[in-house]
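Novice: Sharing a structure, written as structure tokens. Questions coming.
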């Protein structure tokens, strides 16, 4: 019996995403290329460090324009990083997953110079998904916790069953 294979299309290329072997994973450079057109994230200095289906780690070096009148990092900048990490984690397998709902809890002020957002999938359904995103800084301080629910509005992955 041959296993079921799952494919997705990204930027005109078809990638095998299941069963998962390192050689079948979507290359990081390909995911980075897909998101280089995200003008808001790019202009705010956000970078993709790691990415896989339902997982991502992104970073943002804190700049003066990210700070509010008190000199602290603006909550909107922190949320933008979380939303970007969600998009990177949610979209490789399900293109055009959009945020349906999101909540953020600010835990601590940033003590470092770099923020990291790590997104992990908690529920991966046909129409919706749910991710937890943890925002930390380069001193390992937990800055914020985000929960985002996404809705699948784009192309569905193509399943090929060789057993039929």
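Novice: Look at the range 58-79 and say how many of its residues are crowded, with 19+ Cβ neighbours inside 10 Å and touching a helix residue (DSSP H, G or I) at 6+ places or on another chain (Cβ under 7 Å).
Specialist: The total comes to 5.
Novice: Also, I was wondering about something else. Criterion first (at pLDDT 90 or above, touching a strand residue (DSSP E or B) at 6+ places or on another chain (Cβ under 6 Å) and crowded, with 18+ Cβ neighbours inside 10 Å) does residue 149 satisfy it?
Specialist: no
Novice: Also: Could you tell me whether any residue of the range 121-142 is in contact (Cβ under 8 Å) with a residue 40 or more places away in the chain, closer than 26 Å to residue 36 by Cβ and exposed (fewer than 15 other Cβ atoms within 10 Å of the Cβ)?
Specialist: The answer is no, given that none of the residues of the range 121-142 is in contact (Cβ under 8 Å) with a residue 40 or more places away in the chain, closer than 26 Å to residue 36 by Cβ and exposed (fewer than 15 other Cβ atoms within 10 Å of the Cβ).
Novice: Would the range 27-43 turn up any residue that is at pLDDT 95 or above and either within 11 Å of the chain's Cα centre (by Cα) or under 16 Å from residue 147 (Cβ atoms) (or both)?
Specialist: Checked the range 27-43: no residue is at pLDDT 95 or above and either within 11 Å of the chain's Cα centre (by Cα) or under 16 Å from residue 147 (Cβ atoms) (or both).
Novice: Confirm whether residue 116 is under 20 Å from residue 151 (Cα atoms) and either crowded, with 20+ Cβ neighbours inside 10 Å or touching a helix residue (DSSP H, G or I) at 6+ places or on another chain (Cβ under 9 Å) (or both).
Specialist: Here the answer is no, as residue 116 does not meet what is asked.
The values are calculated or read from the model by the stated rules, or taken from the named source; none is laboratory data. Computed from a predicted model, the values in this text were never measured in an experiment. Every residue, glycine as well, gets a Cβ built from its backbone with ideal geometry; the counts of neighbours run over all protein chains shown.
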